[in-house]
Amino acid sequence: MKSFRFENIWMLSHRDKKARKVNFHPKKNLLRGRNHTGKTSLIRSLFETLGAKPQGKLESWDENTASLLEFSVDGSHFFALHQNGRRALFNADREMIVATSNFGEWSQAFCDVTKFNLVFTDKKESEIRSADPACFFLPFYVNQDGSWQSEWSTFNGLKRFSSPWGAILEYFTGVCPPEYYRARAERAQESKILDEHRREYRLLERAIERFSRTLPLFGPKVSAENFADEIALLTKEVNELNQKQEVLRSAAVREQDLLSSLEQQIRLADDALAAYDHDAKYLRAGDSEPLICPTCNAEHTKSFLDLLNFAEDARVLRELAGRLRDDANQVRRRCDAALAELNSLNENYQRISRLLDTRKGELKFQDVVGSIGAESAFAAFEAERKQLQEAIDKALSSVDALEEKMKSLRAAKRTRAILDDFRSYYVAGRVALQLPSVDASKMKLTGRPDLSGSGGPRSILAYYAALWRTCQGATGTYDIPVVIDSPNQQAQDDINLPAVLKFIAKELPKDMQLIVGLETSTDFPFDKEIHLDVKYSMLREDQWDEAEQIVEPLLKAMYATMSSDVAESDDETTGR
């Protein structure tokens with residue numbers, strides 16, 4: 001399992017000449033401060049520096065504030081610098097890796113250093129794209145503006161991917177390895193290519209058909225190669241007709257046999273009903289003699305129950321006869337349809353026969369001249385047809401191979417085990433958060449709860465906690481910091497809020513890094529507390545000099561690199 005940690009962050013406002021440095025403990029951090037003291041600004045800076053923009057906006061915040069974040073991946077340290085959409089990445093020695101204002105280029109650099117190799121299909125461009133930092137942090141950041149509801153709206157921009165939520169959760173919980181999603185994205189791309197080739201092939205077939213109505217493609221050929229192509233085309237058409245004819249003949253024979261059987265059953269049912277009518281008339285006769293058994297000479301009187309049972313048997317028999325007639329009508333229609341298709345095939349056979357017969361007659365100069373234009377068109381059409389068919393076969397082979405690869409990568413037994421753990425964690429979390437127990441046996445990874453009132457945020461917290469515990473399990477792929485801002489949602493009372501804080505402080509995985517934003521102090525233990533106490537002034541004047549010495553040289557290096565890249569691009573454009 002790969003490990004990601006927040007280490008330090010420096011924020012620098014040139015407009016206000018203020019700055020702030022915050023150091024994070026590798027485990028539990030409490031970010032405490034009243035409303036408007038900068039908790040959300042600090043937390044948002046962590047993610048915006050790395051290219052993941054949370055929902056919502058900030059008031060009284062300098063948009064040009066520069067932020068430098070030190071983070072580590074499996075013990076290797078990096079520095080990410082951001083100012084108003086421009087970003088740079090440095091290694092532990094503060095040597096530049098990349099400097100760019102292009103979000104796609106930055107996302108690729110982030111994925112490279114974190115080894116985050118999840119991919120998606122871009123909905124607009126229909127191409128495979130690497131996931132971005134927002135995908136990386138989505139399951140681990142609970143913000144005030146978009147996370148405490150029933151939808152995934154924590155970060156901006158994720159909707160450009162095609163249904164990313166399920167893939168992100170399955171990636172981090174280990175349901176499917178990263179190779180599965182790369183194969184899925186490649187299959188989606190190959191499927192679109194296959195559909196496009198098939199569409200072009202159908203258009204070509206229609207073009208050939210329309211062209212043949214005005215200028216026949218069949219007739220005397222000057223070129224031996226084109227004549228051979230035409231024979232091959234006729235042979236292919238005859239073979240296809242033979243295959244269709246065999247299928248239709250078999251279907252017609254089966255339907256006729258079934259129809260004969262149904263008609264025989266209908267006749268037997270009608271005969272039985274006729275016998276019933278005769279027997280019923282005898283039983284209802286009031287002056288008829290008692291029934292005498294020919295074996296023991298016992299007399300049997302006609303009871304009402306006997307007549308009733310006899311009538312019920314007749315009713316069932318009538319219903320059976322009706323159903324048999326309905327079935328026979330359906331079979332008869334299918335049989336007629338098969339015979340009609342056979343007749344249309346016979347017409348095609350006759351057409352091909354007439355074309356072949358024309359080759360036996362004496363060639364005329366007018367036939368040759370009239371055939372020259374058709375011959376050229378035929379050669380062009382046939383070449384295009386072969387090219388498209390080869391492309392279709394290649395794309396179809398790729399789709400089949402990728403589907404087989406996906407099947408081999410997704411193990412049903414492992415998936416069930418992971419989902420069972422996730423569901424049990426969710427149920428346990430609800431109980432710890434003083435919510436009623438529920439049946440979660442069919443709950444999905446993407447099944448965010450949708451409860452109203454104070455129970456809503458607690459059910460969301462139980463859901464997130466189940467995801468975090470599952471990601472920390474044996475099949476998880478990353479150990480990523482969990483950030484919660486803020487757990488006091490929907491006016492939790494004096495009973496539920498302590499339960500929420502206790503759950504966060506004691507029930508979450510012990511080894512993960514945790515950052516919690518909270519308005520008031522708490523008696524539950526945290527490894528480090530960061531106190532913000534001045535409204536609308538999270539940055540401080542007394543930290544400006546130290547932060548400027550660290551951040552400013554990196555800012556200059558970033559802008560110098562970006563200016564150099566622009567100059568080189570201009571030289572290439574002007575040819576200098």
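Observations
- Projecting the Cα atoms of LEU555, MET512, GLN543 onto the charge dipole of the range 426-570, computed from C-beta unit charges around the Cα centre, puts MET512 farthest toward the positive end.
- Of the residues ARG448, ARG323, the one with the fewest other Cβ atoms within 10 Å heads the list, and the complete ranking is ARG323, ARG448.
- GLU384-GLU240 FRET efficiency (beta carbon distance; Förster radius 25 Å; 0.05 resolution): 0.85
- Calculated FRET efficiency for the pair GLU179/LYS535, C-beta based, R₀ 56 Å, to 0.05: 0.65
- Segment SER163-PHE524, length gained on full extension (0.36 nm per residue, minus Cα span): 126.1 nm
- Residue-span extension gain [ALA207 to LEU58] - 0.36 nm each, minus C-alpha spacing: 47.7 nm
- Neighbourhood charge, 14 Å Cβ-Cβ cut-off, centred on SER76 and excluding it, Lys, Arg +1 and Asp, Glu -1: -2
- Fewest-first sequence of VAL316, VAL238 by Cβ atoms within 10 Å of each Cβ: VAL316, VAL238
- By the count of neighbouring beta-carbon atoms within 10 Å, fewest first, HIS197, HIS278 end up ordered HIS278, HIS197.
- Cβ charges +1 (Lys, Arg) and -1 (Asp, Glu), total dipole of the range 458-534, debye: 360
- Each Lys and Arg contributes +1 and each Asp and Glu -1, all at the Cβ; summed about the Cα centre of the range 398-467, the dipole is approximately 100 debye.
- Local electrostatic count, GLU246, Cβ distance below 14 Å [Lys/Arg +1, Asp/Glu -1]: +1
- Estimated FRET transfer efficiency when R0 is 51 angstrom, pair ARG332-LEU409 (beta carbons, to 0.05): 0.55
- Members of LYS115/LYS407; LYS27/LYS405; LYS192/LYS413; LYS53/LYS535; LYS28/LYS442 lying beyond 29 Å, as alpha-carbon distances in this model show: LYS27/LYS405; LYS192/LYS413; LYS28/LYS442
- Spin-label model distance (nm) - ARG15 vs LEU320, 7 Å beyond Cα toward Cβ: 8.9
Every number here is computed from the coordinates shown, using simple stated rules; none is lab data. Keep in mind it's a predicted model, so treat the numbers as computed, not measured. With ideal geometry, Cβ positions are generated from the backbone for all residues, glycine too; neighbour counts draw on all protein chains shown.
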